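**Student:** Let me begin by handing over the structure; questions about it come next.
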Amino acid sequence: MPGTLLHVGATVNCAHQGQAQPTSPNPRVKVMGQPVVTQAFPYAIAGCTNPPPPNNVGPCVTAQWVSAATRVKVMGQPVLLQDSKAICVPTGTPLTVAVTQQRVKGI
């Protein structure tokens, strides 16, 4: 499905409202003046409120993207879209893309 491309300035949160940021955006391609993000690198999560053991498994630390664009690539890596899916570690919950740029779309 088509969706807008994710960039460094996109607002991405874990299920417990922690803020997720890309660990290595691609500096060669920019959207709205900010680097785009590819599937190759995980996101780091800060501020997750999921309780630590023994109450739960602990806060989300990283997230790995499991789906991305099928037709748009940067340096051979699929770009992330607003509807891309990610799994957080260690909780197994998804990331949610709340806000991203609205000009450039990909499939």
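**Student:** Would you mind calculating the relative contact order of the chain from Cα pairs under 8 angstrom and at least 6 residues apart, reporting the percent as a whole number?
**Tutor:** 36 percent
**Student:** Under a 1.4 Å probe, what is the accessible area of the chain per residue, stated in Å²?
**Tutor:** 54 Å²
**Student:** So what is the relative contact order of segment 31-72, in percent, for Cα pairs below 8 Å that sit 6 or more residues apart?
**Tutor:** Relative contact order here is 39 percent.
**Student:** For a protection proxy built on the mean count of beta-carbon atoms within 10 angstrom, sort 37-44, 70-77 highest first, please.
**Tutor:** Output ranking for 37-44, 70-77: 37-44, 70-77.
**Student:** So, one more: Got a sec to turn the phi values of segment 73-83 into Karplus ³J(HN,Hα) couplings, 6.51 cos²θ - 1.76 cosθ + 1.60 with θ = phi - 60°, whole Hz, x for Gly and Pro?
**Tutor:** Ordered by residue, 3J(HN,Hα) equals 10, 10, 6, x, 10, x, 7, 8, 10, 4, 9 Hz.
**Student:** Right, something else. What translational diffusion coefficient, in µm²/s and rounded to a whole number, does the Stokes-Einstein relation yield for the chain at 10 °C and a viscosity of 1.306 mPa s, taking the hydrodynamic radius as the Kirkwood radius over Cα pairs?
**Tutor:** In µm²/s, the coefficient is 115.
**Student:** Can you pull the three principal axis extents for the Cα set of segment 48-103, in Å, largest first?
**Tutor:** 44, 23, 14 Å, listed from the longest principal axis down.
**Student:** I would also like to ask the following. Out of the total accessible area of segment 1-77 (probe 1.4 Å, heavy atoms of protein only), what percent is carbon and sulfur?
**Tutor:** Percent of accessible area from carbon and sulfur atoms in segment 1-77: 56.
**Student:** Which residue, 97, 29, 79, has the most motion in a Gaussian network model of the chain that connects Cα atoms within less than 10 Å?
**Tutor:** Between 97, 29, 79, it is 29 that shows the largest mean-square fluctuation.
**Student:** Residue 44 to residue 67: extension gain in nm, 0.36 nm per residue of separation minus the Cα-Cα distance?
**Tutor:** Stretched out fully, the residue 44 to residue 67 stretch lengthens by 6.6 nm.
**Student:** Turning to a different aspect of this structure: Net charge near residue 65: determine it from the other residues with C-beta under 13 Å of the C-beta of residue 65, scoring Lys and Arg +1 and Asp and Glu -1.
**Tutor:** Here the count lands on 0.
The values are calculated or read from the model by the stated rules, or taken from the named source; none is laboratory data. Computed from a predicted structure; not experimentally measured. A quick note on method: Cβ atoms are made from the backbone with ideal geometry, for glycine too, and the neighbour counts reach across all protein chains shown. Heavy atoms of the whole protein, side chains included, go into the accessibility calculation; ligands, DNA and RNA do not. Shrake-Rupley method; radii C 1.70, N 1.55, O 1.52, S 1.80 Å.
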